[in-house]
Amino acid sequence: MEYRVKEYPQFSVCGLNCGLCPRYNADGVSRCPGCAGKGFSDVHPPCGVLSCVQRKGLEYCFLCDEYPCKKYEGADLNDSFITHKNQFRDMEKAKNDISAYTAELDSKIRILEELLANYNDGRRKGFFCIAVNLLDLDEVVSIMEQLRNEAATDATPKEKAAVAVRLFQAKADERGVDLKLRK
């Protein structure tokens, strides 16, 4: 099925932060363009939620009178490539002020890009995607300030990644946030 290309594919119609997904941040044929992004149908199986929203002429599920419908039953119990843990919370934030939410998401995407470019040892993409997704923006900004101060510029990628993981994990532990996908 061909979908109408969304203007902002970084946030899915169902509340997932596609811009923080490992597949969105991949190179090559496995890269996903985000929810209804250009070429979405080429790399993603058909999506009943996206079909429903577009058939109704809506941009997001929260704009539907039936939200949340039966399509959401159990949606937050398991994860795919991206965590679904904050799916309903993020959808509520977007429902209250979509512009503020997309600005927050854009900030998180930029931070994730910095992490992947400067602190990834080749094995931390998934961890960074989950951490940036689940922690609040102010916490992520604070961690990045610490990271820039603590990670030596001449450190190896492995050493830089270790510092980043330690800082993110400490904040997650403090908040009781599990930085693992649920399969």
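Here, each number is a calculation from the coordinates, and none is a lab measurement. Bear in mind that the values here come from a model prediction, so they are computed numbers and not experimental data. Cβ placement follows ideal geometry from the backbone for every residue including glycine, while neighbour counts extend to all protein chains displayed.
At a glance:
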read-out: Among Ala161, Ala26, Ala94: highest mean-square fluctuation, GNM of the chain, C-alpha pairs under 10 Å; value: Ala26
read-out: Calculated P(r) tail over 27 Å for the chain, as whole % of Cα pairs; value: 28 percent
read-out: Calculated FRET value between Phe88 and Glu150, using beta carbons and R₀ = 30 Å, to 0.05; value: 0.30
read-out: Region 1-96 - Debye-derived log10 I(q)/I(0), Cα point model, q = 0.19, 0.21, 0.22, 0.25 Å⁻¹; value: -0.91, -1.12, -1.24, -1.56
read-out: Calculated [θ] (222 nm, deg cm²/dmol) that DSSP helices of n ≥ 4 give over the chain, each run adding -39,500 (n - 2.57); value: -14500 deg cm²/dmol
read-out: Alpha-carbon centroids, region 54-96 and region 113-149: separation in whole Å; value: 25 Å
read-out: Cα-based equivalent ellipsoid of region 104-176: semi-axis lengths in Å, sorted from largest, via gyration tensor; value: 18, 13, 12
read-out: Restricting region 1-79 to trypsin sites (Lys or Arg not before Pro) in coil, as DSSP defines it, with at most 16 other Cβ within 10 Å; value: Arg4, Arg31, Lys38, Lys56
read-out: Two-site FRET efficiency, Val141 against Glu174, from Cβ-Cβ distance with R₀ of 22 Å, rounded to 0.05; value: 0.90
read-out: Trypsin sites (Lys or Arg not before Pro) within region 90-136, DSSP loop, no more than 14 other Cβ atoms inside 10 Å; value: Arg123
